[in-house]
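Structure first, commentary second.
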Amino acid sequence: MSSSYTVSASGAASDINPRVNPGVVSYTAASAVVLLLLMLLGLALRLAQAEWLPMPPDLFYETMTAHGAGMVGIAGLAGAGIMWHFLSRHVRLSRGILVANLVLFLAGVAMILGAIFLGGFGGAWTFLYPLPATSGGVWEPEAAALYLGGLLVVGVGFLLFYLDAGRAIIAEYGGLGAALGWPILIGSRRARLPEPTVVASTMVTLVNTLGLVSGAAVLAVSLINIAAPSFAVDPLLAKNMTYFFGHVFINATIYMTVIAVYEILPGYTGREWKASKPFLWGWTASTVMVLIAYPHHLLMDFVMPKWVLIVGQVASYTAGLPVLVVTAYGALTLVYRSGIRWDAASSLLFLSMFGWAAGILPAIIDATIVVNLVMHNTMWVPGHFHFYLLLGMAAMVFGFMYYLGRDREREESTLDRLAVWAFTLGGIGFALVFLYSGKAGTPRRWAVHLPEWVAYDRLGSVFAMAVVAAVLVFALRFLIRVPRLLAMR
Ligand code: HEM
């Protein structure tokens, strides 16, 4: 199967076949709505810390749990939609599985929301065994079970999605190694060069399948423990399995959304983005590194074997870098003197390169053991992950939304341009304030802040408002185009 993507004389992106699978439209529309709603929840958290919005602590932790778990889940769904859209041009994916994943996702979300807002569960998205079941009376074990069960249902949907992607890639390329370009890397001249989308999808399929199995196992164990408390496992083992899953899953979101950069930016520049040997080496290196970098979440656990923590530190320095370097370098050479037309889609996709690259730097600093011991429980950590998830991953999703919903007959409005600027400046300001207040020692996950931290919270809230206003424009712009996209069948 080959790509149906071309470049028009004007240099703007165009698609010979404008049909978009309704499943992909549903994934993207759900992502638009949920991202907006969860950002509103995030804003409420920041306003509460700023003392501009009264919020009792138990509601703060419920809202933080919904925001964190929801954002991780919706980032995965948005990425899966982008991956399916472009990967289906190269391999035969199952539409049934695409729908099944969405149905399981919605069912799981309903369970999670019920557990949080009806059951009062507020144990954060990281659900560390055995803490969900030991609430000290704040919520009942049933609420914890509903929350963990909801995560399990969502996870099963994603597992089906990646198993189907793996099946389709193997059927077309003969193996996952071939789809990562390994025969080319060992010098075979006859081997087929996989497309960047196929390489990225294969990497995500591999690492996320392993991560999801680990996450599902620890969720199942936690559920059994709630039903029969005499059944216990080693909490350190459970923590390793949980963070292996969480780290891999959230990192993989950006490895899926980056496919939008590979597929859409070339259409704007009139240049092709082909996989090269450095590109293939970069993706293979990141495949290994992302699997062994997770111990950087456990650097404060003094009971962990020291060598594992050292592996975590070293792997963290290199985990995302190979892919980031080949992607950022590729994007710069693609855009340089290309006469690219800057519109909302191309601007957001290009911005995402900056957001990803800049956001990874504070992450690398935090992954250094001696720094981590001081910084890890401060706002430095939300600072780094909001930087690359908001300005990197989410910027890619919004760029994809503009690309998918573009209207060739109409010029983009001033409102869209303003929204892109508000998102960029608001997002940078928002993330920098998190980082700065972390440097100043503000702890993370505190519902009530000391008076000396409140100024940061207020400044952060103002920047967050700009981001939310921009995302309202992005989301509405896409949603009003959904009926037209669905009619193109
Ligand atoms: C307008 C945009 C956003 C706002 C205002 C916002 C705000 C916040 C706030 C105030 C916290 C709690 C920080 C703390 O005290 O520890 C938080 C945590 C978090 N946010 Fe956001 N956020 C936004 C966007 C995002 C995005 C785009 C993502 C990911 C895709 C995300 C994922 C998370 C996660 C995973 C947590 C951690 C929750 C936990 O500690 O369990 N947020 N956010």
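For this structure, a couple of remarks:
- Whenever a residue of segment 19-48 is closer than 17 Å to A475 by Cα, its partners that are among the aromatic types (F, W, Y) and within 14 Å of the ligand (Cβ to nearest atom), lying with C-beta atoms within less than 8 angstrom and at least six residues away or across chains, give the pairs A32/F474.
- Filter pass, S316 being of a type in the set (S, T, Y), under 17 Å from I365 (Cβ atoms), surrounded by 20 or more Cβ atoms within 10 Å (Cβ to Cβ) and in contact with a helix residue (DSSP H, G or I) (Cβ under 8 Å, 6 or more places away or on another chain): yes
- Whichever residue in segment 457-474 is more than 9 Å from the ligand (Cβ to nearest atom) and touching a residue at least 60 places away in the same chain (Cβ under 8 Å) and, among such residues, is farthest from L415 (Cα to Cα): R458
- Contact map, segment 421-447: residues that are at positive phi paired with residues that are assigned to a helix (DSSP H, G or I) and surrounded by 16 or more Cβ atoms within 10 Å (Cβ to Cβ), Cβ distance under 7 Å, separation 6+ or inter-chain. Pairs shown: R445/M64.
- Criterion violated by G157 - all others in (1) farther than 24 Å from R95 by Cβ; (2) within 23 Å of the chain's Cα centre (by Cα); (3) of a type in the set (G, A, S) satisfied: (1)
- Elements of type helices (runs of 4 or more DSSP H) contained in segment 11-128, each with 3 or more residues being within 22 Å of A394 (Cα to Cα), within 16 Å of the ligand (Cβ to nearest atom) and under 17 Å from the mean Cα position of the chain (by Cα): 22-49, 57-87
- Tally, over segment 129-154, of residues that are away from the ligand (no atom under 16 Å from the Cβ), surrounded by 16 or more Cβ atoms within 10 Å (Cβ to Cβ) and of a type in the set (G, A, S): 4
- Any hit, segment 32-51, residues being over 30 Å from S88 (Cα atoms), of a type in the set (D, E, K, R) and either touching a strand residue (DSSP E or B) at 6+ places or on another chain (Cβ under 6 Å) or surrounded by fewer than 19 Cβ atoms within 10 Å (Cβ to Cβ) (or both): yes
- Counting the residues of segment 428-456 that are charged (D, E, K, R) and away from the ligand (no atom under 11 Å from the Cβ) gives 2.
- Segment 319-330, residues that are under 20 Å from the mean Cα position of the chain (by Cα), of a type outside the set (V, I, T), buried (at least 19 other Cβ atoms within 10 Å of the Cβ) and not in a loop (DSSP other than H, G, I, E, B): P322, L324
- Condition met for V290 (within 16 Å of the ligand (Cβ to nearest atom), part of a helix (DSSP H, G or I) and more than 18 Å from H376 (Cα to Cα)): no
- In the set T318, T284, only one residue is of a type in the set (S, T, N, Q), more than 16 Å from the ligand (Cβ to nearest atom) and touching a Phe, Trp or Tyr at 6+ places or on another chain (Cβ under 9 Å); that residue is T284.
- Any hit, segment 392-408, residues being in a helix (DSSP H, G or I), without any contact (Cβ under 8 Å) to a residue 12 or more places away in the chain and out of contact with any strand residue (DSSP E or B) (no Cβ under 6 Å at 6 or more places or on another chain): no
- Top-ranked residue in segment 473-489 [being under 10 Å from V25 (Cβ atoms) and crowded, with 19+ Cβ neighbours inside 10 Å; ranked as modelled with the highest pLDDT]: F478
- D343 vs. criteria of a type in the set (D, E), more than 16 Å from the ligand (Cβ to nearest atom) and surrounded by 19 or more Cβ atoms within 10 Å (Cβ to Cβ): yes
- For segment 87-102, the criterion of being over 27 Å from Y173 (Cα atoms) and not aromatic (F, W, Y) is met by none of the residues.
The values are calculated or read from the model by the stated rules, or taken from the named source; none is laboratory data. Everything numeric here is computed off the predicted structure, so don't read it as measured data. We place every Cβ from the backbone using ideal geometry, glycine too, and count neighbours over all the protein chains shown.
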